[in-house]
Amino acid sequence: MKSKEKTRVKQRLNHHLILGLISIVLLAGVYFTLESPDATFKWSMSTAYVSLLFLGLTLLTGPINLLRKRKNPVSTDLRRDIGIWSGIIGLAHVIIGWQVHMGNMLLYFFKEDKITKELTLRSDLFGFANYTGLVGAIILIMLLALSNDLTLRKLKAPRWKYWQRWNYVFYLLVIIHAISYQVIENRKLPYPLILMFLILPVLIIQLRGYFFYKKYR
């Protein structure tokens with residue numbers, strides 16, 4: 001292995017070590033801050049907020065580079081590594097979240113007739129929130145599969161970037177999913193404030209970056 005490659009591997013290992021420690025601290029911090037007797041709910045919320053925080057950080061890199069008039073590379077190791085941790089914690093949220101409300105995972109997406117036991121697709125807000133979450137989870141798995149050098153080399157930069165931009169669709173689905181659950185569970189403060197704090201800065205900086213790009217491209 002060449003010296004440059006060794007340095008990069010070492011740097012990425014440091015990234016993952018630091019991100020892992022930060023993740024543990026943040027997850028534990030959110031978990032023990034929440035006032036609820038339900039441990040599953042607390043883990044669901046902590047994984048949701050920490051994953052959303054990391055996802056937002058990955059989306060800030062591009063527009064900040066634009067606003068600072070710096071070159072925007074196709075991919076950077078730090079952004080990719082933050083995205084990997086966001087994805088891992090996000091998938092943990094999906095698995096844990098399916099344990100919060102129902103004993104049967106199918107009931108997140110289907111209604112069961114109490115007499116006939118027949119299942120029909122949900123048409124309520126609860127079903128809508130879970131459909132967006134499911135589609136988001138599928139996109140998340142795809143994004144995680146893209147997060148490696150092999151895929152980047154195989155697809156080449158333009159095609160890899162095309163699929164990687166599904167990150168924005170994923171973020172929109174996450175926002176819709178999160179707001180839907182705020183309504184479903186009638187969450188009181190501080191939950192809406194935390195969500196707003198995590199989302200608004202990302203949206204504002206993204207919009208600034210977009211208009212800056214349109215103006216100077």
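Of the residues V202, Y162, T116, the one whose Cα sits farthest towards the positive end of the charge dipole of the chain is Y162 (charges of +1 on Lys and Arg Cβ, -1 on Asp and Glu Cβ, taken about the Cα centre). Centre-to-centre, using Cα atoms only, the stretch 20-82 and the stretch 91-130 are separated by 27 Å. Do the alpha carbons of any pairs in K42/K111; K42/K188; K71/K214; K69/K214 sit beyond 18 Å of each other, and which pairs? Among K42/K111; K42/K188; K71/K214; K69/K214, the Cα-Cα distance tops 18 Å for K42/K111.
Between S147 and F197, what is 0.36 nm times their sequence separation minus the Cα-Cα distance? Round to one decimal in nm.
Values: separation 50, 0.36 × 50 = 18.00 nm, distance 2.71 nm.
Computed gain between S147 and F197 is 15.3 nm.
If each residue's Cβ is checked for other Cβ atoms within 10 Å, how do I115, I82 rank with the fewest at the top?
So the residues, fewest neighbours to most, are I115, I82.
Taking the Cβ-Cβ separation of F128 and W166 as r and a Förster radius of 22 Å, what is the calculated FRET efficiency to the nearest 0.05? Don't jump to the answer; show the numbers that get you there.
Numbers: r = 20 Å, r/R0 = 0.92.
Efficiency computed from Cβ-Cβ geometry: 0.60.
Just add up the charged neighbours of S46: K/R +1, D/E -1, any other residue whose Cβ is under 14 Å from the Cβ of S46.
Taking every Cβ under 14 Å from that of S46, the sum is -1.
Along the stretch 6-15 the Karplus relation, 6.51 cos²θ - 1.76 cosθ + 1.60 evaluated at θ = phi - 60°, assigns HN-Hα couplings of 4, 4, 5, 4, 4, 5, 5, 4, 5, 4 Hz to successive residues, with x for each Gly and Pro.
Remark: the stretch 81-93, residue by residue, has Karplus-estimated 3J(HN,Hα) of 5, 4, x, 4, 5, 4, x, 4, 5, x, 5, 4, 4 Hz, where x stands for each Gly or Pro and the curve is 6.51 cos²θ - 1.76 cosθ + 1.60 at θ = phi - 60°. Evaluated with a Cβ-only charge set (Lys, Arg +1; Asp, Glu -1), the chain carries a dipole of roughly 1760 debye about its Cα centre, given to the nearest 20.
Here's how it looks for V100: its modeled amide H is under 5 Å from none belonging to a residue 5 or more places away or on a different chain.
So what is the relative contact order of the chain, in percent, for Cα pairs below 8 Å that sit 6 or more residues apart?
On the way: 184 pairs, mean separation 49.1, N = 217.
So the answer I get is 23 percent.
With an 8 Å cut-off on Cα pairs and a minimum separation of 6 or more residues, tell me the relative contact order of the stretch 21-146 in percent. Before the final figure, lay out the partial values.
On the way: 103 pairs, mean separation 28.1, N = 126.
Dividing the mean separation by the residue count of the stretch 21-146 yields 22 percent.
Which of the aspartates and glutamates could be linked to K10 by a straight reach, that is with a Cα gap under 16 Å, when you skip same-chain ones fewer than 8 residues away? Of all the aspartates and glutamates, those that pass the test against K10 - Cα under 16 Å, at least 8 places apart if same chain - are D77, D81, D149.
Values quoted throughout were computed directly from the atomic coordinates according to the rules given, and no laboratory measurement underlies them. Computed from a predicted model, the values in this text were never measured in an experiment. FYI the Cβ positions are ideal-geometry reconstructions off the backbone, even for glycines, and counts take in every protein chain you see.
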